[in-house]
1. Do we have residue 116 as closer than 28 Å to residue 149 by Cβ, surrounded by 16 or more Cβ atoms within 10 Å (Cβ to Cβ), modelled with pLDDT under 95 and of a type in the set (Asp, Glu) here?
2. Taking the conditions exactly as written (acidic (Asp, Glu) and within 18 Å of residue 29 (Cβ to Cβ)), does residue 203 satisfy them or not?
3. Do you know which residues across the range 9-49 are of a type in the set (Lys, Arg), open to solvent by 60 Å² or more (accessible area, probe 1.4 Å) and modelled with pLDDT of 90 or more?
4. Taking the range 394-445 only, how many residues are within 21 Å of the chain's Cα centre (by Cα) and assigned to a loop (DSSP other than H, G, I, E, B)?
5. Which pairs have Cβ atoms under 6 Å, sit 6 or more apart or on different chains, and link a residue in the range 429-456 that is more than 17 Å from residue 302 (Cα to Cα) to one that is hydroxyl-bearing (Ser, Thr, Tyr) and open to solvent by less than 10 Å² (accessible area, probe 1.4 Å)?
6. When the residues of the range 635-649 are filtered to those that are surrounded by fewer than 19 Cβ atoms within 10 Å (Cβ to Cβ) and not hydroxyl-bearing (Ser, Thr, Tyr), which remaining residue is modelled with the lowest pLDDT?
7. Run down 108, 147 and say which single residue is more than 20 Å from residue 171 (Cα to Cα) and either in a helix (DSSP H, G or I) or aliphatic (A, V, I, L, M) (or both).
8. Only strands (runs of 3 or more DSSP E) wholly contained in the range 640-705 count here; list those with 1 or more residues that are farther than 25 Å from residue 537 by Cβ.
Amino acid sequence: MSASDEGNAKAAGYAPHPYVGGRTAALRALAAWRMRWPGAPRVIVVTGNPGSGRSRLVTGFLMMCDRGYRRRLPLGDLDPATVPPDLPPPAAPNPSGRTADQLLWLIADHFGLSADRGAKIFPELAAREEPVTIVVADVDRAGPVRAADEPARLVRDVLKPLAATETVQLLADVPRELAAELTGALPTGQAQIIDLDAPEWADPQGLVLHAETALDPEAGAPELPFTTDPAVRRELAEALARRADGNRLTLQLAVQSLLLQPEGFDPADASLLPGSVGEALDLHARRLGTDPQTLRLLLAPLAFAEGDGLPVQLWGPLTQAVAGRDMSQDLADGMLLTAPFVQSFIQPVEQAGDADEGAASGVGREAVAGEAAAGSGVGAPGGRTLMRLQHPGLAEEIRSGLPDVRDAQTKIAMALLEAVPEQDWSRADPYIRDHLAAHTLDAGLLPQLLTDPGLFAHADPVAMRAAIEAVPLDQLGAPARTYLRTAPLLTRSQVPVGMRAAFLETAFVEDGLAPYAEALHTLSFALPWRTLWSVPLTGVRAVTTGSLPQEGGDGTAPDTDGTGVGVGVGADEEVPAPASGAAAPRPVAAFAVPEGTPGSRTVPGTDGGISGGGGTALLVHDLLRPGYVDADPAQMRLPSEEAKASAAFRFSQDADSLRVWTRTGQEVVAALLSDSPLTGADLSPDGVLVVATARGVTARQILAPAPPVTPTVPAQRTGAADSDTSGGLGGAPS
């Protein structure tokens, strides 16, 4: 196929695709790819300059692959060679705003793969008997953080392995600088690059049709001298297409400028027609009697906007910050000036706060349903207004025209910080909480921001994680490294802000950052627990809680001869009430560890079925504070039946999750998820939860029930029955 075939298709009487408006050559190539025509490539990469229309082409092609859309399209009027066969629609995961990992899990979910790690997805696809078809459009919009360069990672970690998988038929729309990387390693004939700006794929007549349709009053254009006369309209459309030189974005902006503000426009004056996106901006400003730099400054905050767009109330302050001068009058007069280049939409209120995090990070394999966090900062009950530019190519043009991009981002970041009421993140606009890290990353200031535990808890974990991962590890402080370690758990679980704070509180204690954990207790979170201590200890097979008798009250355990009741044997010898004047028993926890663990003692003949025989090696730790106890574990006593019956809480456990319930009701007061399997857990009568994982042992004091709704722990595996206390190191509930 070549561009000349566009004219041949028209001469044959075929109608253009109603959405694409041309691109016959490219659509024929895509249709041949879809039907696996002999000689057709297995992998097609559509590329081109920003605004070339590659996203529109792929979208129009997907319309013909979807059976619902096919019924609404005039397929009988189209060139038959451009219409793909009526097959089940291909998988079309949307990368917009998503990380490479999230897109990969979307693909795995679509095909029902059993892989539990991303790297296993490709071999599982390769093992399928029938080939699979995958279409990935808008790769340039991937990632929750623009400066993190997620499109390159998506190509490297997802699209290249997919392209190399023989059972995968792949169509991807990628920026030009990534196209060769995606196809370079494939054998000759397996891949094809369709560069929409190359002569063989150009579509000048389609661009004319696009302009002519946009100028037609029957298509919604206003009635103007150059729109109502068909001959004038056609002549103007041809002139616009000629000047745009194949770039649909340039033409689109030019037409919108003319239709929204026709005064001062002469269709016979070719100097008023733009030849690039930048010229479209500048010509529009001059026709309205404004300095083009003023227009660019007004649009600059939108060019740096992250996520779905910038809240309208932040547009003005950020414009003032970037300009470094009073822009209030320019903002007041700027409606017509900015209108051709800006979109506005209402974000529903339920999507503006933490309730949206599940959708935003939308591909977790084991999502946790959480409640919406209070105080999201959204506006009217119907939602809030967000603003964004018409196209990423327009944003790229505006950013490239600024004298110092990093300085502009620094000013934006400082203005966003100043907009946080009294530096209280619970009262900050959701945009600031979720995207401040992205702005500071682009400004080179992110490491300095990563010291606030309140921001860590409130920020969208997907965006925060992506921003932090873009910083070299040696530039991160200890709190940021703790967040980075915890981030996979936060993004996988999708828990609301209160539970994020709880997980981070424990992580800070685990990493020896107790002041950061304590700071979370001083904020507005209703945390379900307070982490008392954590020890990095591998090989722990079970834990139990109990007490040691004390002499005198000096906090030391007495020497023993090892003849007392051993821990973990299932004997429930009650702890006797202390005699008058004697010290109260000392609450402790015992860990079953491999023999030879430093500090451990072996209790002979009382292994409770844990070790293969001969006894159990035990470590004793204070229950309520950090520190091991140098005492004979054989003297440890389990809680009495009376103490168990009067306990406020009980717990249930799965392989890597645990819930704490009120004993008298069915309310979950704490839900714990772990990034590694649980190897032991026990809950003391006074509500201290001791949990062992592959990383170590952690004790949490369960606090009074506060949140009325708690996250649902994912049922990943068959779990154990509800437990009161462990009944010993054998792990069986008492």
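1. no
2. Judged against the criteria, residue 203 is a match.
3. Within the range 9-49, 36 is the sole residue that qualifies.
4. So the answer is 2.
5. 446/440; 449/440; 456/483
6. 645
7. 147
8. Ranges flagged: 649-653, 657-662, 668-673.
The values are calculated or read from the model by the stated rules, or taken from the named source; none is laboratory data. Since the model is a prediction, treat every value here as computed from it, not as a measurement. In this analysis, Cβ positions are derived from the backbone assuming ideal geometry, glycine residues included, and neighbour counts consider all displayed protein chains. Ligands, DNA and RNA are excluded from the accessible area calculation, which covers all protein heavy atoms including side chains. Shrake-Rupley method; radii C 1.70, N 1.55, O 1.52, S 1.80 Å.
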